[in-house]
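Enquirer: Structure below; questions to follow.
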Amino acid sequence: MGRQRQRGRTVNGILLLDKSVGMSSNAALQEVKKLFFAKKAGHTGSLDPLASGLLPLCLGEATKLSSFLLDSDKVYEGVCQLGRKTSTGDAEGEVIEERPVPKFDEASIKKVLSQFLGDIEQIPPMHSAIKQNGQPLYKLAHQGIVVEREPRPVHIYELDYLSHDTLSFRFRLRCSKGTYVRTLVEDMGEVMGCGAHLTDLRRTQVGPFDIEQAVTSEVIAHVAADGGHEELDKLMIPMHQALENWPAVRLSENSTYYVRQGQPVQVAKAPTSGWVRLFANDENFIGVGQIMDDGRVAPKRLVNVS
């Protein structure tokens with residue numbers, strides 16, 4: 001019996017979604033995929049249901065680039081609630097410990113924040129998707145099982161004070177991939193001596209993309225109802241913009257042919273190292289490549305948009 005043919009349209013591009021609180025990243029993805037009637041779609045690193053904000057969704061051939069967005073730096077704004085620790089590190093968990101909150105002001109908060117800048121190590125929370133012996137940690141946590149986790153290195157580029165009240169403060173964070181904001185908040189609470197958990201989180205930037213570029217589910221549904229697929233497609237951005245900080249290499253017709261066959265080529269005035277975006281002689285984006293030691297451009301991940 002042959003494989004069932006995949007239903008849907010061939011749609012290629014990136015949709016920048018402003019995910020609402022309470023919705024899982026997968027539910028948001030499936031809703032968009034259904035509205036676009038897209039054959040293929042994937043997200044670029046999940047946001048917890050508690051969190052809102054920027055969730056880039058890759059449709060069609062753009063899914064081949066999703067790992068690069070997953071690896072990119074992220075920016076968040078969040079609220080650290082002092083005096084209470086929860087089972088999950090955020091407002092969704094049960095309160096497991098309460099302690100009195102010491103007096104603090106803007107200066108003392110900034111002093112705490114400064115201690116987490118640069119390279120730090122985090123112990124991943126039990127309520128996370130990291131797998132141990134093939135089993136996601138959150139599944140073990142739901143069974144009441146706690147296992148030892150290895151610390152993981154992350155980098156905190158910026159950690160800024162925004163505001164505070166008597167029992168909480170708001171912060172802005174720019175961090176590397178793999179950073180757990182819940183864990184960071186818990187660690188800040190320990191430094192302040194009273195424990196803490198995360199009560200609000202909004203992602204405002206992923207790689208080159210900003211929340212100001214994003215659209216909500218309500219807007220997408222409205223466009224779908226009024227204009228159909230043609231108008232929906234106008235909400236997407238070209239996939240190569242996910243890598244706009246990479247140099248662009250434009251290939252001749254001859255070089256384009258060989259690159260499409262998976263062969264490295266020599267290109268005049270190409271960068272001397274690193275990753276590059278590849279454009280065919282007709283200016284169409286055809287994928288990403290890497291500069292080899294001998295200076296040739298080697299195709300690494302090609303997209304087919306013809």
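Enquirer: Residues that are crowded, with 19+ Cβ neighbours inside 10 Å and out of contact with any Ser or Thr (no Cβ under 8 Å at 6 or more places or on another chain), at least 1 per element: which strands (runs of 3 or more DSSP E) completely within region 1-68 meet that?
Expert: Where strands (runs of 3 or more DSSP E) fall fully within region 1-68 and carry at least 1 residues being crowded, with 19+ Cβ neighbours inside 10 Å and out of contact with any Ser or Thr (no Cβ under 8 Å at 6 or more places or on another chain), they are 13-19, 52-59.
Enquirer: Hey, any hits in region 242-250 for a residue that's surrounded by 20 or more Cβ atoms within 10 Å (Cβ to Cβ), over 16 Å from residue 52 (Cβ atoms) and not small (Gly, Ala, Ser)?
Expert: Taking every residue of region 242-250 in turn, at least one turns out to be surrounded by 20 or more Cβ atoms within 10 Å (Cβ to Cβ), over 16 Å from residue 52 (Cβ atoms) and not small (Gly, Ala, Ser).
Enquirer: Looking only at region 180-212, count every residue that is part of a strand (DSSP E or B) and either buried (at least 21 other Cβ atoms within 10 Å of the Cβ) or of a type in the set (S, T, N, Q) (or both) and tell me the total.
Expert: Final tally of qualifying residues: 10.
Enquirer: While we're here: Looking only at region 249-264, which residues are in a helix (DSSP H, G or I) and among the hydroxyl-bearing types (Ser, Thr, Tyr)?
Expert: Hits for region 249-264 are 255, 256, 257, 258.
Enquirer: Can you pull out the residues in region 117-138 that are surrounded by 17 or more Cβ atoms within 10 Å (Cβ to Cβ) and modelled with pLDDT of 95 or more?
Expert: Across region 117-138, the qualifying residue is only 120.
Enquirer: To continue, here is another question. On the basis of being under 27 Å from residue 65 (Cβ atoms) and at pLDDT 95 or above, does residue 185 make the cut?
Expert: No; evaluated as a whole, the condition is false for this residue.
The values are calculated or read from the model by the stated rules, or taken from the named source; none is laboratory data. Not measured: the values here are computed from a predicted model. Reconstructed Cβ throughout: ideal geometry from the backbone, glycine too, with neighbour counts over all protein chains shown.
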